1. What number of residues within the stretch B:61-84 satisfy the criterion of being touching a helix residue (DSSP H, G or I) at 6+ places or on another chain (Cβ under 8 Å), at pLDDT 95 or above and part of a loop (DSSP other than H, G, I, E, B)?
2. If a residue must be hydroxyl-bearing (Ser, Thr, Tyr) and touching a helix residue (DSSP H, G or I) at 6+ places or on another chain (Cβ under 8 Å), how many such residues does the stretch B:1-37 contain?
3. Report whether or not B:Phe2 is surrounded by 18 or more Cβ atoms within 10 Å (Cβ to Cβ), facing chain A (nearest Cβ under 9 Å) and within 25 Å of A:Asn33 (Cβ to Cβ).
4. Restricting to the stretch A:32-53, give me the number of residues that are more than 7 Å from chain B (Cβ to nearest Cβ) and over 20 Å from the mean Cα position of the chain (by Cα).
5. Can you tell me which residues in the stretch A:41-80 are under 13 Å from A:Ile6 (Cα atoms) and charged (D, E, K, R)?
6. Only one residue in B:Ala18, B:Ala22 is free of Cβ contacts under 8 Å to residues at least 40 places away in the same chain, in a helix (DSSP H, G or I) and buried (at least 16 other Cβ atoms within 10 Å of the Cβ). Which one?
Protein chains: 2
Amino acid sequence: MFIGNIYITLKEGVLDPAGKAANNKLRDLGFTNINNIKMGKFIEVELEAESKEEAIRQLEAISEQLLANLVIENYRVEVVEGDK
Amino acid sequence: MFIGNIYITLKEGVLDPAGKAANNKLRDLGFTNINNIKMGKFIEVELEAESKEEAIRQLEAISEQLLANLVIENYRVEVVEGDK
């Protein structure tokens, strides 16, 4: 079994209202040293695969087919643990 | 300036309906080798701080005060880039 991580982030130029709201709220709380917050997703996946390379291909496939919206989001995958 | 990452994940035992839905949908799509998906947040932050240690403390503070819901979520922070 492998454990993989998928990081999904908004592409440059795409509006990030949740990040903007967090930024504003942090300024209200006195964190004036926080300049820019970008909200993304962190997805942990357990999967079966023949090799680490195959696990990476599977993570890329599920990102493209379901988890990421490629119009506005980028994704990055990594395998952090595996028994093969 | 420092760049930090914050990872927010659901605590063990907390229901994860978005992860469950993704898992079900992936099985429908034929990814029967995907066993478990956990949905979390990945937050990128730019901040000013006197040192890397201070940057980490700031990231922990904003996680606890705003970004994470400590009743149901865990958080982890790291500083990935900095000029000091």
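1. 1
2. So the count comes out to 0.
3. Spelling it out, it is not the case that B:Phe2 is surrounded by 18 or more Cβ atoms within 10 Å (Cβ to Cβ), facing chain A (nearest Cβ under 9 Å) and within 25 Å of A:Asn33 (Cβ to Cβ).
4. 3
5. A:Lys41, A:Glu44, A:Glu46, A:Arg57, A:Glu60, A:Glu64, A:Glu73, A:Arg76, A:Glu78 - these are the residues of the stretch A:41-80 that are under 13 Å from A:Ile6 (Cα atoms) and charged (D, E, K, R).
6. Only one candidate qualifies: B:Ala22.
The values are calculated or read from the model by the stated rules, or taken from the named source; none is laboratory data. Just so it is clear, the model here is predicted, and its values are computed rather than measured. Positions of Cβ are generated from backbone atoms using ideal geometry, with glycine treated the same way; all protein chains shown enter the neighbour counts.
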